[in-house]
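The values are calculated or read from the model by the stated rules, or taken from the named source; none is laboratory data. Since we're looking at a predicted model, the values are computed, not measured. So basically every Cβ, Gly included, is an ideal-geometry build from the backbone, and we count neighbours across all protein chains shown. The protein model used for the area step is the full one, side chains on, heavy atoms only, and it has no ligands, DNA or RNA in it. Shrake-Rupley method; radii C 1.70, N 1.55, O 1.52, S 1.80 Å.
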Amino acid sequence: MKITVKKLRPDAVLPTAGSAYAAGYDLYACIDTPITIAPHATEKIGTGLAVEIPNGYFGAVFARSGLASKQGLRPANCVGVCDSDYRGELMVALHNHSVSPQTVADGERIAQLVIAPYFTAVFTEADTL
């Protein structure tokens with residue numbers, strides 16, 4: 001599947017797969033200065049990228065297991081959703097679940113993007129189920 005990506009900043013890094021069979025593609029921080037996230041706080045981290053996800057698919061932004069288990073950083077909403085019609089910068093709202101401040105540096109892997117299909121639902125009200 002081809003995903004068109006636009007660099008919003010020249011230093012942005014395209015998503016990368018850790019292996020040939022990886023479901024998720026690493027997203028990298030693209031920030032001017034390191035961002036320190038206080039304990040139990042959330043900060044939005046830019047990737048410097050916009051993506052064109054095909055209709056019928058969405059991008060799910062998941063935690064990177066190492067970052068979450070070792071530093072306590074994961075997306076604030078657990079799983080972010082990037083709809084196929086969104087063309088703004090991919091941002092990751094990282095929440096610090098640890099008791100220590102955690103710093104995110106430019107170029108650091110901050111999350112992973114999984115492209116997945118979805119079904120469009122039509123909701124119909126009923127008196128019984």
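Computed over protein heavy atoms with a 1.4 Å probe, the carbon and sulfur contribution to the accessible area of the chain reaches 56%.
Under the criterion of Cα pairs below 8 Å and six or more residues apart, the relative contact order for the chain equals 33 percent. Charge tally around D106: other residues with Cβ under 9 Å, Lys/Arg +1 each, Asp/Glu -1 each, net -3.
For the stretch 11-99, chymotrypsin sites (Phe, Trp or Tyr not before Pro) meeting the loop criterion (DSSP other than H, G, I, E, B) and having at most 15 other Cβ atoms within 10 Å: Y21, Y86.
For the pair H97 and E52, the difference between a 0.36 nm per residue extended length and the Cα-Cα distance amounts to 13.1 nm.
Rounded, prolate or oblate: which one fits the stretch 11-50, using the alpha carbon gyration tensor with axes a ≥ b ≥ c (rounded when a/c is under 1.5, else prolate when a/b beats b/c, else oblate)? It is oblate, given that a/c is not under 1.5 and a/b is not larger than b/c. The Cα atoms of the chain give a gyration tensor whose axes a ≥ b ≥ c have a/c of 1.5 or more with a/b no greater than b/c, which makes the shape oblate.
Taking all protein chains as shown and a probe of 1.4 angstrom, D83 keeps an accessible surface of around 80 Å². Computed from phi, the 3J(HN,Hα) profile of the stretch 106-117 under the Karplus parametrisation 6.51, -1.76, 1.60 (θ = phi - 60°) reads 4, x, 6, 6, 10, 6, 10, 9, 10, 8, 9, x Hz, with x in place of Gly and Pro. Loop-resident chymotrypsin sites (Phe, Trp or Tyr not before Pro) (DSSP state other than H, G, I, E or B) in the stretch 88-126 with no more than 10 further Cβ atoms inside 10 Å of their Cβ: F119, F123. Close amide H pairs (under 5 Å, H built 1.01 Å from N) link I37 with Q102, T103, V104, residues at least 5 positions away or on another chain.
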